[in-house]
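First comes the structure, then the notes that go with it.
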Amino acid sequence: MLDTESQKSPKGRWPTPPFDPRFPNQNQTRNCYQNFLDYHRCVKKMNRHGKSTQPCEYYLRVFQSLCPRSWVQRWTEQIQDGTFAGKI
C-alpha cells in the first residue's frame, strides 16, 4: 500500500503527481484512467469494511490533476448509469 504520509504536500498545495514507473511515457492517458479506477476501487473497499476513505485521497488528487474534467464527468455519469466499461 502507498505510504500516504510521504505523498502529502504542504497544506493548500497540489503539486504535480509523482513519477509512476508503470507509465514512463509522456502520454499520461492510461495513468489518468488507472488512478480513476484505483480511487473508486479504494473507496468501494473502504466503505465495505467500514473504514475511512482518507487513504483514497491520493488517487483522487492524482486523477484530478491528470484527467480532463470532461472525461471524469462522463465516466462518473457512466458509473451512475451502470454503463461504465471499467471494472470497479
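The values are calculated or read from the model by the stated rules, or taken from the named source; none is laboratory data. Keep in mind that this is a model prediction, so the values were computed, not measured. Quick reminder, even Gly has a Cβ in these numbers, built from the backbone with ideal geometry, and neighbours come from all protein chains shown.
For this structure, a couple of remarks:
- Residue selected from region 1-34 under the condition in contact with a Lys or Arg (Cβ under 9 Å, 6 or more places away or on another chain) and either closer than 22 Å to residue 79 by Cα or surrounded by 13 or more Cβ atoms within 10 Å (Cβ to Cβ) (or both), by the criterion modelled with the lowest pLDDT: 7
- Sub-8 Å Cβ pairs linking a first residue in region 23-40 that is without any contact (Cβ under 8 Å) to a residue 24 or more places away in the chain to a second residue that is surrounded by fewer than 16 Cβ atoms within 10 Å (Cβ to Cβ) and not in a helix (DSSP H, G or I), at least 6 apart or interchain, are 34/22, ordered by first then second residue.
- Within region 54-88, restricting attention to residues that are under 14 Å from residue 43 (Cα atoms) and of a type in the set (D, E, K, R), the residue that is surrounded by the most Cβ atoms within 10 Å (Cβ to Cβ) is 61.
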